[in-house]
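Working notes, beginning with the structure itself.
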Amino acid sequence: MKIVEKAIPKRIFSVADAQRIGVSRARLKALADSGRLERFSRGIYAPPGISLSPLFEAEILALRGTDFVVALESALRFHNLTEAMPHELWIAMRTAARKPAVEFPVRVVRVGRASFEDGVEEHQLENATVRVYSAAKTVADMFKFRSAVGMDLAVSALKQCLKENRFSVDELMRHARINRVANVILPYIEGVFA
């Protein structure tokens, strides 16, 4: 019994990870019921007291194999472009993809193939590799989804990124053209440099 517990990873893991090292679903349930493991979501476990990253929910989705990219307000927070902590995890998914069934709040925006694949960065967090849009792509997305996130937040992120030289105007405009918002962003860029 103790040997099984020593084999369990000291991080968040999925049922599939546990089964690869010989721990059954029934054993995981027994360990969770006894308090030696915490169940965070369907099929996701961790040792008690594990430290959680700001994108903990994204790590859970990544461990479950969900095809998504961290987007909009959550990506802004990841890139330290806002002080506000989003009340829900914002993700982008392909148009026809199913929304994940999870116990925490997730806000899904649907995008086409070109927009979904554009500007993706992979980041190794504490427990999983999570895909997050780049700062330039995130700002372009903020303008694309301005009715959902608010124009003030989009303009604020744009000003901060340009002030801190997080990306070039050319890079931003490339993402804006893919999102079909180049004409919307251009006056705000001109306003920053005026």
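The values are calculated or read from the model by the stated rules, or taken from the named source; none is laboratory data. Computed from a predicted structure; not experimentally measured. For the accessible areas, the whole protein counts, side chains as well, though only heavy atoms, and no ligand, DNA or RNA atoms are used. Shrake-Rupley method; radii C 1.70, N 1.55, O 1.52, S 1.80 Å.
Data table
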quantity: Long-range HN-HN contacts of Phe40 with modeled amide H, under 5 Å; calculated: Tyr45, Ala46
quantity: Amide proton proximity set for Phe145, modelled H, under 5 Å, gap of 5+; calculated: none
quantity: Karplus-derived HN-Hα couplings along the stretch 65-72 (A = 6.51, B = -1.76, C = 1.60, θ = phi - 60°), whole Hz, x at Gly and Pro; calculated: x, 6, 8, 8, 9, 5, 9, 6
quantity: Using θ = phi - 60° and Karplus 6.51 cos²θ - 1.76 cosθ + 1.60, couplings along the stretch 20-34 (whole Hz; Gly, Pro as x); calculated: 5, 9, x, 9, 7, 4, 4, 5, 4, 4, 5, 5, 5, 5, 7
quantity: Two-decimal log10 I(q)/I(0) for the chain, as the Debye equation yields it once each C-alpha is a single scatterer, q = 0.09 Å⁻¹; calculated: -0.40
quantity: Cα-based helix-to-principal-axis angle, 182-193 vs the chain, degrees rounded to 10; calculated: 70
quantity: The stretch 63-81 versus the stretch 112-143: alpha-carbon centroid distance in Å; calculated: 7
quantity: Using alpha-carbon coordinates, inclination of helix 169-179 to the longest axis of the chain, degrees; calculated: 70
quantity: Amide H partners (placed H, <5 Å) of Ala71, local residues excluded; calculated: Trp90, Ile91, Ala92
quantity: Average accessible area per residue (Å²) across the stretch 1-140 - probe 1.4 Å, nucleic acids and ligands excluded; calculated: 50
quantity: For the stretch 18-74, the fraction of alpha-carbon pairs in successive 10 Å shells from zero, as %; calculated: 20, 47, 26, 7
quantity: The stretch 115-194, Rg to Rh (Cα coordinates; Rh as Kirkwood inverse mean 1/r); calculated: 0.99
quantity: GNM result for the chain, Cα springs below 10 Å: residue of Arg113, Arg11, Arg131 fluctuating most strongly; calculated: Arg113
quantity: Carbon/sulfur fraction of accessible area - the chain, other protein chains in place, 1.4 Å, %; calculated: 50
